[in-house]
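Inspection log for the structure reproduced underneath, given as structure tokens.
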Amino acid sequence: MYLLAVHTFPLYGEYYSYSLIRFCEVIFLLLLVIRTAIVYAAVIGGLRFTGKRQLGELSPSEFAVTILVSELACIPLQDAAVPLLGGMVPLATLLSVEVLLSYISRRSRHIRRLLSGNPCVVIKDGQFDAQMLRSLRLTAEDILDGLRFAGVTKIEDVRYAIIETNGQLSVILRAMRQPLTADDLKTKPSEVGMPLALVSEGKLIDYNIRQLGKSEAWVREQCRKHGAKTLDDVFLLTLDDCGNVFYQQKTGGAA
């Protein structure tokens, strides 16, 4: 019996040790998931706080902050030994500095120029400014790419081509190459509105319905008028502020 106990208890000890290790691994992974969720929420909240600008519209300082935020957010995720607060403090500091600089740049033209630079004219009256291109470290081919993206095929049609502070290329055509407008044709077209989705893939969008001052009953009536038996038959129903309705069934076709 003694020999049996000697051989049995170590086995139970190994079993419990293995179970404890597995339990600790599960707890560690769970904490890692929680830390990741917290960091993700902090980064999204911070970027929302700094403003709604697209990546292509970022100034140099904002682009630098975006890169640094991604690097700082990785630190508490890659190293569990780093306290979560230790990763959040520099992240909050960086975003706070960006908000402060944005506020100051709105008040001071000199600070704005220092942080974002100035727009640069690279084409004037159909002629490239070679010196400006060299200072920007760009080539004529780079500008041609931007012109094609803007739908311009002839350089001589360009009055001005400008590299904006966010890196985008703005193109101003000569007067004779500008597209015709309603004023040019002496006509008065009807106004167009901004369409909002009221039903999307069979689901009512209550917020948009309230925005347009409509009711759920009105939306359902519109669906029935277009031949839908239930909301599940509707792929998309939109309404703009001019009263124009667009309807499409899930099986295709528009009205």
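Brief remarks on what is shown
- Counting the residues of region 219-238 that are surrounded by fewer than 14 Cβ atoms within 10 Å (Cβ to Cβ) and not small (Gly, Ala, Ser) gives 6.
- Test for residue 94: is it surrounded by 12 or more Cβ atoms within 10 Å (Cβ to Cβ), on the phi < 0 side of the Ramachandran plot and modelled with pLDDT of 70 or more: yes
The values are calculated or read from the model by the stated rules, or taken from the named source; none is laboratory data. All figures in this text were calculated on a predicted structure; none of them were measured in a lab. Note that we place each Cβ from the backbone using ideal geometry, even for glycine, and neighbour counts take in every protein chain shown.
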